[in-house]
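Participant: This is the structure I want to talk about, given as structure tokens.
No value in this document is a laboratory result; all are computed from the given coordinates. All values derive from a computational prediction rather than experimental measurement. Counting neighbours? That spans all protein chains shown, and the Cβs are built from the backbone with ideal geometry, glycine included.
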Amino acid sequence: MHPAHVAAGSGIGVMACVLGLVFPNLRLACRESNMRILVTGGAGFIGSHLVDKLMENEKNEVIVADNYFTGSKDNLRKWIGHPRFELIRHDVTEPLLIEVDQIYHLACPASPIFYKYNPVKTIKTNVIGTLNMLGLAKRVGARILLTSTSEVYGDPLVHPQPESYWGNVNPIGVRSCYDEGKRVAETLMFDYHRQHGIEIRIARIFNTYGPRMNIDDGRVVSNFIAQALRGEPLTVQKPGTQTRSFCYVSDMVDGLIRLMEGENTGPINIGNPGEFTMLELAETVKEGYTACEVDGPPINS
Ligand SMILES: NC(=O)c1ccc[n+]([C@@H]2O[C@H](COP(=O)([O-])OP(=O)(O)OC[C@H]3O[C@@H](n4cnc5c(N)ncnc54)[C@H](O)[C@@H]3O)[C@@H](O)[C@H]2O)c1
């Protein structure tokens, strides 16, 4: 909690409340122990749902910093102009000076199509962006949560992956800007924690789906739905029996907030423990739409 906000519940806060009866504009100062929360990447898919949930609590002020690479102002339209909400066009590879109590650090493209589009920028976002947010957390004494990924396990040799598993990751592949970038980001989080006493939380997110996913992000859920919407057959990569788990975005957001508010630094895997085959997923999408066809190149091609 930032000291300026603790003051709202102190003698100064009580005085402000009394004054607020006379001067209505001061009433804002009456709220007890407000929490000012920064969400980087808050204009994106998961970030915008997180903002919706955080804004439900009237004691929260939410600030979003986003460069709109994959996110959109549209995702936050209902909050623009709200007195407890602020939206900043900002690239996290640049420092940000701001007074906050908590930082949810999500900024990073999550889909391979987008993170491979400019891999140097992706690794800068993961490394320099996380350094900047940790520098901010250190300066203002904020707690910081990083959204890492199941991709830190790489091409895992252990199933399912416990957090203690160190992974099997290619450092020089086309996905390394994301996988290795997130691994370095996790390293930075723990080094700042050990060296500077920063309060950290790390979530390793598994596949998440829900409203506001980018329809063209190339991931299987959005691919199937986009194909169904266009009336095309659904392309299931062979053999179709390969499995994934999919977590609904509101469950993911609950998990992130509980991690932030709890005592455990993580890393914590967050996802749905239930696995689905790609054929089952296609069937589920098909129930709502029409054609489904097992076709397409083999998996990993
Ligand atoms: N969606 C998933 O299934 C999934 C899985 C694992 C991890 N994650 C992680 O969760 C986080 C959010 O993922 P998402 O699915 O919402 O992705 P998304 O692409 O929808 O959102 C990312 C947001 O970050 C912003 N951004 C990107 N680079 C930035 C930069 N340099 N400066 C400021 N803003 C920047 C984008 O504009 C976008 O609004 C990411 O950190 C991602 O790695 C997501």
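Participant: How big is the dipole moment of the stretch 157-266 about its Cα centre under a simple scheme where the beta carbon of each Lys and Arg is +1, that of each Asp and Glu is -1, and everything else is neutral? Debye, nearest 20, please.
Facilitator: Roughly 340 debye, rounded to the nearest 20.
Participant: Out of residues 5 or more away from ILE205 or on other chains, whose amide H comes under 5 Å of its own, with H placed 1.01 Å from N in the peptide plane?
Facilitator: Residues meeting the criterion, in which the H sits 1.01 Å from N, are SER148, THR149, SER150, ILE270.
Participant: Taking 0.36 nm per intervening residue step and subtracting the Cα-Cα distance, what contour gain separates TRP166 from ARG139 on full extension? Don't skip to the end; give the middle numbers.
Facilitator: Details: separation 27, 0.36 × 27 = 9.72 nm, distance 3.09 nm.
Here the answer is 6.6 nm.
Participant: Rounded to whole Å and sorted largest first, what semi-axes of the equivalent ellipsoid does the C-alpha gyration tensor of the stretch 236-289 yield via the square root of 5 times each eigenvalue?
Facilitator: Those come to 30, 13, 6 Å.
Participant: Among the listed pairs LYS53/LYS78; LYS53/LYS73; LYS53/LYS121; LYS116/LYS182; LYS138/LYS182, which have their C-alpha atoms separated by more than 22 angstrom in this model?
Facilitator: LYS53/LYS121
Participant: Which peptide among 44-55, 222-233, 119-130 comes first, and what is the full order, when sorted by highest mean count of other Cβ atoms within 10 Å? Let's see the in-between values first.
Facilitator: Values: 44-55: 23.3, 222-233: 15.7, 119-130: 20.2.
Most protected by this proxy first, the peptides run 44-55, 119-130, 222-233.
Participant: While we're here: Please compute, over every Cα-Cα pair in the stretch 164-249, the percentage with a separation greater than 18 angstrom. Each step should come with its number before you reach the end.
Facilitator: Details: 2336 of 3655 pairs.
Result: 64 percent of Cα pairs exceed 18 Å.
Participant: In debye to the nearest 20, how big a dipole does the stretch 94-140 give about its Cα centre with +1 on each Lys and Arg Cβ and -1 on each Asp and Glu Cβ?
Facilitator: Here the stretch 94-140 has a charge dipole of around 240 debye.
Participant: Also, I was wondering about something else. HN-Hα J couplings of the stretch 72-88 from phi, Karplus 6.51/-1.76/1.60, θ = phi - 60°, integer Hz, Gly and Pro as x?
Facilitator: Once rounded to whole Hz, the list reads 8, 4, 3, 5, 10, 3, 5, 9, 5, x, 6, x, 9, 10, 9, 10, 10.
Participant: Once you place label points 7 Å from the Cα toward the Cβ at ASP74 and ARG89, how far apart are they in nm?
Facilitator: Taking the simple label geometry, ASP74 and ARG89 are separated by 1.8 nm.
Participant: Ranked highest first by the average count of other Cβ atoms within 10 Å around their residues, in what order do 159-167, 270-278 fall? All intermediate terms of the calculation are to be shown ahead of the outcome.
Facilitator: On the way: 159-167: 12.4, 270-278: 16.0.
Per-residue mean Cβ counts within 10 Å order the peptides as 270-278, 159-167.
Participant: Kindly rank 201-209, 168-176 from highest to lowest mean number of other beta carbons found within 10 Å of each residue.
Facilitator: Values: 201-209: 22.3, 168-176: 13.0.
Order by mean packing, descending: 201-209, 168-176.
Participant: Okay, next question. With N denoting the number of residues in the stretch 23-154, provide Rg(C-alpha) divided by 2.2 N^0.38 Å, to two decimal places.
Facilitator: Here the Cα radius of gyration is 1.09 times the empirical estimate.
Participant: In whole Hz, what ³J(HN,Hα) sequence does the stretch 116-124 give by Karplus (6.51, -1.76, 1.60; θ = phi - 60°), x for Gly and Pro?
Facilitator: In residue order, the calculated couplings are 7, 4, 9, x, 5, 5, 4, 6, 4 Hz.
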